[in-house]
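Structure first, then comments.
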Amino acid sequence: AGLEPIQPTSYRGRPLKPPHPAELLLLLSCPAFREHFARLFGSEAAEQWRFASAAPDSEVSEDEEEDQLRALSWFALLRVLLDPEEEAVEHGKVLAVAPLGTVPKGAPLLACGSPFGAFCPDIFLNTVSGGVLSNATGPLLLTDARCLPGTQGGGVFSARPPGALVALVAAPLCWKSREWVGLTLLCAAAPLLRAARNALSRLRPSAASLASLLPPEVGAPWGLLLRDPGPPWAGAAVLVECGTVWGSGVVVAPRLVVTCRHVAPRKASRVLVRPTTPKYAKMWGHVIFATQETSPYDIAVVSLEEDLEGVPMPMPTEHFHEGEAVSVVGFGVFGQACGPSVTSGILSAVVQVDDTPVMLQTTCAVHGGSSGGPLFSCSGDLLGIVASNTRDNNTGATYPHLNFSIPITVLQPALQQYSQAGDLSGLQELDHATEPVKVVWRLQRPLAETPRSKL
Amino acid sequence: MRRQWGPAMRVAEQAGCVVRASRAGQPEAGSWSCSGVILSRSPGLVLCHGDIFTPFMRAGSGVLTAAAAAFLPGDSCSDDLRVHVQWGPTASSPAGRAEWGRPGLCTPQC
């Protein structure tokens, strides 16, 4: 509402052609996408989820919202009506499509859409946004590339192979419990185009010939799908369940998992750990150490009852570089319903006390359930343990893209001490952090030095 | 950014388009629009989101949830549906050719 289209003059300095008339050939839906959507979002907690293009507080009628939800998994195939002269000019590269399952989690993706649809195409047409494939369940994909209302239907392309069409935007914005999740919902392109081919051949003979013009899939044939599980270091992330509480964790030794105190708070508690490696469905462990409530470091350490073999042990970093590309891996938002999500960003701040890093901030999207998960550099080095995102207590708003991690350099000597000698004293030191460190984690200003009297 | 995305950005910008749906002769009734992907240029085939067509469904939007089918024919929408697609200048179009030429090359006036 309020966004009226205007007559464009040029598009980034080049003349913009007027809109062409088109014919709606068919409306398409991917049944597998609908099934996965219902499984992931249609549970008893479904009322927590919203996919409206408008903010939760905006005035969108229930009918409108219901229509949007019904149409979420539907796409449309159009035929543009060009005159023969135009058709002769309009030839371009053939688009290629990435087969379903060939793009791994964490792979870079480029979303291209027009925010606000037809509003000001000379300014907004084909705005691009970068991110990664955050999660996937069947043809339902999620990316952390930022998309805006109006980009529904926009293409999402891979960097490798370059420019292969991976998916189309199904819902640019997701809200859970009135909080913006910061992920965009996608429908994989390959099954949609397969449905289009089938539909065209069944509709009418004249339309059948169009099926052969739909873009082909690149890479592995259907029978030999490459199921790339993603970057190997992501396998170190585990789901941690302690009673009714769950969160994420990271395997730092074959029998040792680090998570957050608020996930596994009590020493000696039994904890269920679910690795992502299919070999292990679940494994029991117990909390050998959890920092005290007064400690700024929200950390718990879990000892497993048996060794986790085949799970990559991440290499802890020794240095942090502000601005470097980083990824968070965690079970936030979906928990056990889906594998861990990967979100990308940069290391936006390294907060130091006495020249020692005590807090890391990133621009990755971090959601409830990601606590305890690992923060990795782009080369897979373990940088830290995610502790929280940000909430404004005055407005109740949560900011997933401002989050805090405990640097691994704070924990590594103590973890090593425990691994080598079973000695908990190093971990217990975390309960005696200095006041300046506590001040940082309470998000307070550093204490001003008391002015000294000159008398 | 450009280095990582260069080839993908070129493809994305050539494939991206915007789609607008409106009622014939009823501009006051407003229009609905979304983004789309050009699958083929000759003939022009475009894939876009289906949300913008729900106001035009003859049987109402309920048909989208009722239908177990994977597709609905185009005539599921009313006859007064008018669809328009707009895209940017392409490498193949005269307007785009100069832009996508090699850096440093130009077409000097004679």
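Among the residues of the range A:257-273, those that are out of contact with any Cys (no Cβ under 9 Å at 6 or more places or on another chain) and crowded, with 20+ Cβ neighbours inside 10 Å comprise A:V257, A:V258, A:C260, A:R261, A:V273. Looking across the range B:20-45, the residues that are within 16 Å of A:C187 (Cβ to Cβ) and hydrophobic (A, V, I, L, M, F, W, C) come down to B:C34, B:V37, B:L39. The set of residues from the range B:20-46 being at the interface with another protein chain (Cβ under 7 Å from one of its Cβ atoms), crowded, with 24+ Cβ neighbours inside 10 Å, under 20 Å from A:A171 (Cα atoms) and touching a residue at least 40 places away in the same chain (Cβ under 8 Å) comprises just one member, B:G36. For the range A:341-376, which positions are under 16 Å from A:V263 (Cα atoms), in a loop (DSSP other than H, G, I, E, B) and touching a residue at least 40 places away in the same chain (Cβ under 8 Å)? Scanning the range A:341-376 gives A:H367, A:G369, A:S370, A:S371, A:G372, A:G373.
No other residue among A:L411, A:L415, A:L424 is surrounded by fewer than 19 Cβ atoms within 10 Å (Cβ to Cβ), of a type in the set (A, V, I, L, M) and under 26 Å from A:V245 (Cα atoms) apart from A:L424.
Scanning the range A:127-158 for residues that are in a loop (DSSP other than H, G, I, E, B), within 14 Å of chain B (Cβ to nearest Cβ) and surrounded by 24 or more Cβ atoms within 10 Å (Cβ to Cβ) gives A:P139, A:A145, A:C147, A:G150, A:T151, A:Q152, A:G153, A:G154. Does A:P161 fit the bill of being closer than 30 Å to A:T395 by Cβ, at pLDDT below 95 and surrounded by fewer than 24 Cβ atoms within 10 Å (Cβ to Cβ)? Judged against the criteria, A:P161 is not a match. The set of residues from the range A:391-430 being within 30 Å of A:D144 (Cα to Cα) and part of a loop (DSSP other than H, G, I, E, B) comprises A:D392, A:N393, A:N394, A:T395, A:G396, A:A397.
Those strands (runs of 3 or more DSSP E) of the range A:239-283 in which at least 2 residues are within 16 Å of A:G335 (Cα to Cα) and in contact (Cβ under 8 Å) with a residue 60 or more places away in the chain, considering only elements entirely within it, cover A:245-253.
The values are calculated or read from the model by the stated rules, or taken from the named source; none is laboratory data. Note that the structure is predicted; figures quoted are calculated from it, not measured. Backbone-built Cβ (ideal geometry, glycine too); neighbour counts: all protein chains shown.
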